[in-house]
1. How many residues are closer than 24 Å to ALA296 by Cα, more than 16 Å from the ligand (Cβ to nearest atom), outside any loop (DSSP other than H, G, I, E, B) and not aliphatic (A, V, I, L, M) when one looks only at region 106-148?
2. Which residue pairs have Cβ atoms under 8 Å apart, sit 6 or more places apart or on different chains, and have a first residue in region 208-224 that is closer than 10 Å to VAL167 by Cβ and in contact (Cβ under 8 Å) with a residue 60 or more places away in the chain and a second that is assigned to a loop (DSSP other than H, G, I, E, B) and among the aliphatic types (A, V, I, L, M)?
3. Being under 18 Å from ASP220 (Cβ atoms) and crowded, with 19+ Cβ neighbours inside 10 Å narrows it down to one of ALA120, ALA181, ALA114, ALA154, so name that one.
4. Taking region 247-257 only, how many residues are more than 15 Å from the chain's Cα centre (by Cα) and either assigned to a strand (DSSP E or B) or within 10 Å of the ligand (Cβ to nearest atom) (or both)?
5. Return the only residue of SER264, SER290, SER258 being closer than 21 Å to GLY153 by Cα and among the hydroxyl-bearing types (Ser, Thr, Tyr).
6. Six or more apart or on different chains, Cβ atoms under 8 Å: show the pairs whose first residue is in region 159-180 and without any contact (Cβ under 8 Å) to a residue 60 or more places away in the chain and closer than 17 Å to LYS214 by Cβ and whose second is within 14 Å of the ligand (Cβ to nearest atom) and assigned to a helix (DSSP H, G or I).
7. Does VAL202 satisfy being touching a residue at least 12 places away in the same chain (Cβ under 8 Å) and within 30 Å of VAL54 (Cα to Cα)?
8. Only one residue in VAL63, VAL119 is among the β-branched types (Val, Ile, Thr) and over 26 Å from VAL252 (Cα atoms), so which one is that?
Amino acid sequence: MSTSTILLSGTSNPSLASAVSSILKIPLGFIEITRFIDNECRVHILEDVKGKHVFVIQSLSAVADQHLVELCLIGQAAKSLGAGCLTAVIPWMGYSKQDKAFRKGEAVSAQLVAKFIEVAGFDAVMTIELHSENVVPFFRIPVMELSAHELLGASLKRLNLLGTIVVSPDTGGKSRSARFAKTVGLPIVYLEKDRDKVTGNVSVTGIKRDVRGKDVVIFDDIINTGATAIKTSQFLKSHGARRIFFLATHAVLAGDASVKLAASPIDRIVVTDTIVVPKEKRFEKLTIVSVASLLANAL
Ligand code: R5P
């Protein structure tokens, strides 16, 4: 990376931004992000960004709306200072689950979020494991999507697995899990899962392969409420699976997901740090691997 590169961090994932900055040996640029008494966000860049390539690292994690607005304000401020090229580095693309109107009258939120980012002045987006392939075409600027599959796969090496099989928790994630299975060189089986569009309740309806006595690795993009992880692990346990590992890129861990996951039949859960997992949401069987080097290499 050259001296004409500036790294800026929003407030959503400062530890990841610092880790990227240390790997690249480029200090994070000075930026003040404050809130007025009425909670409106105010951004002030104190760095000479004129003509430089500016990367803004910001996950759209909770509170996603606030982090999105912050990102857009940083973008606009950088452009107003004459930034040359402006890239939004969004490790977790919040709102990406809303990639279509699931019911009449719903917004296609991911599409609007893409527009916000473009209008703010960003020239490109770098992200990790989008929830669906529908999201990329919402952007008219280039989107580079990175994958944490190798990183997550590497965590399996230390586990001494037996007769292992990769399980895709739903048909929507079929191609993602298939790519992961190929990366780690393991066979794959697909579960049938239903989710109620109103309540969000998850039910697992079937599996087409015998998992008795096998170690299973369930691979998903997100752990949100934990319902998918819990229901699939209970289903696989009841079908005789030996040990259960759950790997996912993004640890949203909404509400009391951590408490429920800690009590689930899953032996180990491995996620990345695209989203900050606060201390109170960490639990013994949760391992967090960092995507800092993945991002640093791509930058
Ligand atoms: C579903 O399409 C996704 O790939 C994940 O399985 C889902 O978002 C996980 O959500 P939850 O943890 O709430 O079941």
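Just so it is clear, none of the values below were taken in a lab; they were calculated from the coordinates. Since we're looking at a predicted model, the values are computed, not measured. Neighbour counts are summed over all protein chains in view; Cβ atoms, including those assigned to glycine, are modelled from backbone coordinates with ideal geometry.
1. The qualifying residues number 1.
2. Note: pairs meeting the criteria are VAL217/LEU156; VAL217/LEU161; VAL217/LEU186.
3. Values: ALA120 fails: under 18 Å from ASP220 (Cβ atoms); ALA114 fails: under 18 Å from ASP220 (Cβ atoms); ALA154 fails: crowded, with 19+ Cβ neighbours inside 10 Å.
The match here is ALA181.
4. First, the residues of region 247-257 that are more than 15 Å from the chain's Cα centre (by Cα): 255-257.
When the remaining residues are screened for being either assigned to a strand (DSSP E or B) or within 10 Å of the ligand (Cβ to nearest atom) (or both), the result is 255, 257.
Residues flagged as more than 15 Å from the chain's Cα centre (by Cα) and either assigned to a strand (DSSP E or B) or within 10 Å of the ligand (Cβ to nearest atom) (or both) within region 247-257 amount to 2.
5. Details: SER264 fails: closer than 21 Å to GLY153 by Cα; SER258 fails: closer than 21 Å to GLY153 by Cα.
Of the residues listed, the single one that is closer than 21 Å to GLY153 by Cα and among the hydroxyl-bearing types (Ser, Thr, Tyr) is SER290.
6. Cβ pairs passing all conditions: VAL166/SER177; VAL166/PHE180; SER168/LYS174; SER168/ARG176; SER168/SER177; SER168/ALA178.
7. Working: touching a residue at least 12 places away in the same chain (Cβ under 8 Å): yes; within 30 Å of VAL54 (Cα to Cα): no.
Answer is no for this residue.
8. On the way: VAL63 fails: over 26 Å from VAL252 (Cα atoms).
Criteria check complete, one pass: VAL119.
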